[in-house]
Amino acid sequence: MEPDLDTLSAIANVDRQATLLVRERDKQLLLVPAAEEECRAARGARDAAKEVFEASRDEERRLNREVHAFTGRKAAAERALDLGTGSAAAAIRQLDQCTAAIDDLETQLLELLEDQDELGETLAAAERALGQCEARLTEVGASSDARLEELEGQLAALDAEREVHLAQLPVEEQKRYRLVIDHKGSAFTRIDGGACKRCYTVLGPQRELEVKRGRVITCPRCARWIVPG
Ligand SMILES: [Zn+2]
């Protein structure tokens, strides 16, 4: 007994809708990992900017410590001169050396602080970018979860609808459907220009005519049912 064409067409229609939903579900499932990957990259950029900025702060502290040390030595030389202790010439030499060293260190500090302004801006921009990525991840996560739940609901409804139609087919044909679906991913094809649209086997104009007249036939090569398109 040939399966009823209306039932087969109804199942083919359900399968078509389910395929679209599965495709969307697969896309939805990729959204969160993609947003997570963006966050990882943004975090890496922020960490790198922070490291450079902190290295600059370390260098600033080191230069300040040196300024402090030379300032102490300069004060000691000034004290020695005031009190007239030790060699005045040595104290003057020390004073000059310290003044020159402090000048040099302060020049270095000024340059460093200028660079640090830029590094600080880079770090702030990286922090902002990371914040945006994290906000987007939260948003994508929430909307994706909601959409996935909706899609699963629609797919479950289609599964139930398919079962109702399948139950109307002879048991042998039900088995056939499940077997072809398992092996091929789809149980239906169309005929176009005399050829199967799935496996491209040439079936000839006679078969095309039969399909148009409502006969239920299967493709001899891929075993799918041919439904009118
Ligand atoms: Zn075929």
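Since every read-out is calculated from the coordinates, none of them should be taken as a lab result. Because the structure is predicted, anything quoted here is derived from the model rather than measured. Quick reminder, even Gly has a Cβ in these numbers, built from the backbone with ideal geometry, and neighbours come from all protein chains shown.
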Notebook entry, point to check: Can you pull the percent of Cα pairs in the range 170-229 with separation above 13 Å?
Noted result: 56
Next item on the list: Taking each pair of different alpha-carbon atoms in the range 98-165 once, compute 1/r for the pair, average those values, and report the inverse of that mean as the Kirkwood hydrodynamic radius in Å to one decimal.
Entry: 17.3
Next item on the list: Would you mind telling me which residue in Glu161, Glu210, Glu150 has the biggest mean-square fluctuation in a Gaussian network model of the chain, where springs connect alpha carbons within a distance under 10 angstrom?
Entry: Glu210
Next item on the list: Evaluate the relative contact order of the chain (contact order divided by residue number), counting alpha-carbon pairs under 8 angstrom at least 6 apart; express in whole percent.
Entry: 29
Next item on the list: Give me the distance between the Cα centres of the range 1-58 and the range 83-103, rounded to whole Å.
Entry: 71
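Mean residue ellipticity at 222 nm from the helices of the chain, using -39,500 (n - 2.57) per DSSP H segment of n ≥ 4 over the full residue count, to the nearest 500 deg cm²/dmol?
Mean residue ellipticity at 222 nm (helix-derived): -29500 deg cm²/dmol.
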Next item on the list: Output the relative contact order of the range 31-117, whole-number percent, from Cα pairs under 8 angstrom with separation of 6+ residues.
Entry: 35
Item checked: Kirkwood hydrodynamic radius over Cα pairs of the chain, then Stokes diffusion coefficient at 10 °C and 1.306 mPa s, in µm²/s -> 63
Notebook entry, point to check: Which whole-angstrom value gives the distance between the alpha carbon centres of the range 104-150 and the range 169-197?
Noted result: 54
Notebook entry, point to check: Helix 5-83 sits at what angle to the longest principal axis of the chain, using alpha carbons and giving 0 to 90 degrees rounded to 10?
Noted result: 0
Next item on the list: Report the residues of the range 35-68 in range of a label on Leu112: point 7 Å along Cα→C-beta, backbone N strictly under 17 Å from it.
Entry: 51-68
